[in-house]
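Asker: Pasting a structure below so you can have a look.
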Number of protein chains: 2
Amino acid sequence: MALERIQRRSLPGEVYDQLLRELVDGGYPAGQPLPSERRLAEALGVSRPAVREALQRMSHAGLVDVRQGGATTVTDFRRSGGLDLLPHLLLPGGGIDLAVARSILEARLAIGPKVAELAATRGGPTAADVLDRAVAELAADTDPVGRQRRALVFWEHVVEAADSIAFRLMFNSLRAAYEPALPALATVMAAEVDRIGDYRALTAAVVAARPDDAHRLAHDLLGNATRELLHAIDTLDGDRP
Amino acid sequence: MALERIQRRSLPGEVYDQLLRELVDGGYPAGQPLPSERRLAEALGVSRPAVREALQRMSHAGLVDVRQGGATTVTDFRRSGGLDLLPHLLLPGGGIDLAVARSILEARLAIGPKVAELAATRGGPTAADVLDRAVAELAADTDPVGRQRRALVFWEHVVEAADSIAFRLMFNSLRAAYEPALPALATVMAAEVDRIGDYRALTAAVVAARPDDAHRLAHDLLGNATRELLHAIDTLDGDRP
DNA sequence: TGCCATAACTGGTCTGACCACTTGACCACC
DNA sequence: GGTGGTCAAGTGGTCAGACCAGTTATGGCA
């Protein structure tokens, strides 16, 4: 029996989760006013500061527009939300949103090769040790979820070597979205994380400062599972071209 | 004399800005504890809930680690922050951080062509009207800052046609970072936003459902100013290869 | 030396009060 | 008819004080 870490819950966090789910589910379309803080506090059985904290968090996430003296209105998060919203969209109610999953896969296939190329151009040679160690640990970990985590650690080192804060933060946001879904994706992602030789070849290209090779190898590595996953998503989704 | 909108300031917002600046400037290295909420409230001359609101916001942004009963500690935002932090890094104290600017330019050059390609594959044909109108308005706006804004509107339509929530939110985050710097970038970005013909050609490729052309045209369009800007940044920065 | 109790400190939440701002209604004046 | 002024009701913004929940360090005792 595996012991799991206890997830701490905070009241404002629970308010945020509940309101966010309501918004994403279309319960409050863009432009619609939310009930006042006082009303929400009463309806949810918490204090007004707890509601306020959740609403401020939603405001900073681009989900609502808060104006003193007036009602808090819902925004179109597709226009005003940032990438850090992605985790809340991938697993909205527990199951995976296929359109969100597809978009994440496409995004990482666009970004990964560029990041590998930059790593080969910039910090690759000095990252030889950590990259080799990361691949060795990836190879040694036979648990499907654990190996995915190792792959993420590998990519973290690559994006660190890329020396680009934008890609670094982007990676963090995508990882945050992806990480809770690791168990669900384990069997399909094996097509990627089990190709230890590809990780070694990519490492060699990065360390040897060959950006074109790094770009190509990363694209091949990420492209494999991406195609299979996209195919699976198309099959499930049914109405994609 | 041009009237400008009044920027509303909130106390927790000002606390957040001040603490964030302190963190980004290295005043509190990762792992360091921050003073307690009570101490910060006293030092800043505000109430504890105001401090608390700022700290919770920082916690959700990945800047600090808050644990009940213990001190709030500073995290390494490069590892725990998300893309939505980018606006705070590009203009930390008013001037532009060149490394951040460089990384944003690189990122948009990696993402833009892919987004254009997806738009040509998916929603391009049905977006003909809005794209044509966006280019017409871009051409008609002769103000350097205004034209950049029009270019952003154009790209917003392209990314909407791409039908990818990940790229959509990514665009939002990058735009949020980029927008306050528009005046400072106006003269250099003219090399891009003045190429009306290129925007028209890109629109035509997207609308005609030619993804390879769209990809190439977007890369050329974005690549031009990117190279010039990166060259300018290298000149200013001095120690880049 | 290890364990337990306690105190001090931290963050988490709440209540009630008051302030600042917005909106709509109504009135007076030009 | 349009503009400006006042007022009331409602909203969000902030604060003080109290109390709860959790963490950490210290001292005493077996």
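The values are calculated or read from the model by the stated rules, or taken from the named source; none is laboratory data. From a predicted model like this one, the values you see are computed outputs, not experimental measurements. So basically every Cβ, Gly included, is an ideal-geometry build from the backbone, and we count neighbours across all protein chains shown. Side chains are part of the model used for accessible areas, which takes the heavy atoms of the whole protein and leaves out ligands, DNA and RNA. Shrake-Rupley method; radii C 1.70, N 1.55, O 1.52, S 1.80 Å.
Asker: Would you check if A:ARG78 is within 13 Å of the chain's Cα centre (by Cα) and either crowded, with 18+ Cβ neighbours inside 10 Å or at pLDDT 90 or above (or both)?
Answerer: So A:ARG78 does not fit the description; no.
Asker: Taking the condition in the same structural domain as B:ALA232 (by TED's automatic domain parsing) and either in a helix (DSSP H, G or I) or crowded, with 23+ Cβ neighbours inside 10 Å (or both), does B:ARG108 pass? Steps first, answer last, please.
Answerer: Details: in the same structural domain as B:ALA232 (by TED's automatic domain parsing): yes; either in a helix (DSSP H, G or I) or crowded, with 23+ Cβ neighbours inside 10 Å (or both): yes.
Criteria met by B:ARG108.
Asker: Which members of region B:63-107 meet the condition of being within 16 Å of DNA strand C (Cβ to nearest atom), facing another protein chain (nearest Cβ under 9 Å) and of a type outside the set (S, T, N, Q)? Let's see the steps before the verdict.
Answerer: First, the residues of region B:63-107 that are within 16 Å of DNA strand C (Cβ to nearest atom): B:63-75.
If we keep only those that are facing another protein chain (nearest Cβ under 9 Å) too, we end up with B:67-68.
Matches in region B:63-107: B:ARG67 only.
Asker: Could you identify the single residue in B:GLY31, B:GLY26, B:GLY13 that is open to solvent by less than 60 Å² (accessible area, probe 1.4 Å), free of Cβ contacts under 8 Å to residues at least 24 places away in the same chain and either within 13 Å of DNA strand D (Cβ to nearest atom) or within 22 Å of A:GLU160 (Cα to Cα) (or both)?
Answerer: Values: B:GLY31 fails: free of Cβ contacts under 8 Å to residues at least 24 places away in the same chain; B:GLY13 fails: free of Cβ contacts under 8 Å to residues at least 24 places away in the same chain.
Sole residue among the options that is open to solvent by less than 60 Å² (accessible area, probe 1.4 Å), free of Cβ contacts under 8 Å to residues at least 24 places away in the same chain and either within 13 Å of DNA strand D (Cβ to nearest atom) or within 22 Å of A:GLU160 (Cα to Cα) (or both): B:GLY26.
Asker: Taking helices (runs of 4 or more DSSP H) that fall entirely within region A:125-199, which contain at least 1 residues that are within 12 Å of another protein chain (Cβ to nearest Cβ)? Let's see the steps before the verdict.
Answerer: Details: elements: A:128-140, A:144-162, A:165-178, A:182-193.
Here the list reads A:144-162, A:165-178.
Asker: Which members of region A:119-159 meet the condition of being open to solvent by 40 Å² or more (accessible area, probe 1.4 Å), touching a residue at least 40 places away in the same chain (Cβ under 8 Å) and under 27 Å from A:ALA186 (Cα atoms)?
Answerer: A:ASP132, A:PRO144, A:ARG150
Asker: Can you pull out the residues in region B:176-202 that are open to solvent by 40 Å² or more (accessible area, probe 1.4 Å) and within 27 Å of B:LEU85 (Cα to Cα)?
Answerer: B:ALA176, B:GLU179, B:PRO180, B:PRO183, B:ALA184, B:THR187, B:VAL188
Asker: With respect to B:SER59, determine if the residue is under 20 Å from A:LEU85 (Cβ atoms) and either within 16 Å of DNA strand D (Cβ to nearest atom) or more than 8 Å from every other protein chain (Cβ to nearest Cβ) (or both).
Answerer: On the way: under 20 Å from A:LEU85 (Cβ atoms): yes; either within 16 Å of DNA strand D (Cβ to nearest atom) or more than 8 Å from every other protein chain (Cβ to nearest Cβ) (or both): yes.
In short, yes.
Asker: In region B:203-215, which residues are of a type outside the set (S, T, N, Q) and surrounded by 17 or more Cβ atoms within 10 Å (Cβ to Cβ)? Please lay out each step first, then the result.
Answerer: From region B:203-215, those of a type outside the set (S, T, N, Q) are B:204-215; that's our starting set.
Passing the criteria: B:ALA204, B:ALA205, B:VAL206, B:VAL207, B:ARG210, B:PRO211, B:ASP213, B:ALA214, B:HIS215.
Asker: Answer yes if at least one residue in region B:88-111 is within 16 Å of DNA strand D (Cβ to nearest atom) and hydroxyl-bearing (Ser, Thr, Tyr), and no otherwise.
Answerer: For region B:88-111, residues within 16 Å of DNA strand D (Cβ to nearest atom) and hydroxyl-bearing (Ser, Thr, Tyr): absent.
Residue-by-condition table, conditions (1) of a type in the set (Val, Ile, Thr); (2) at pLDDT 95 or above; (3) not assigned by TED's automatic domain parsing to the domain that holds A:LEU182:
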residue: A:GLY112; (1), (2), (3): no, yes, no
residue: A:LEU118; (1), (2), (3): no, yes, no
residue: A:GLY124; (1), (2), (3): no, no, no
residue: A:VAL135; (1), (2), (3): yes, yes, no
residue: A:ASP143; (1), (2), (3): no, no, no
residue: A:ARG149; (1), (2), (3): no, no, no
residue: A:VAL153; (1), (2), (3): yes, yes, no
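Asker: With the checklist (1) surrounded by 20 or more Cβ atoms within 10 Å (Cβ to Cβ); (2) within 22 Å of the chain's Cα centre (by Cα); (3) within 16 Å of DNA strand C (Cβ to nearest atom) in hand, flag the one item A:ALA116 doesn't pass.
Answerer: That leaves (3) as the condition not met.
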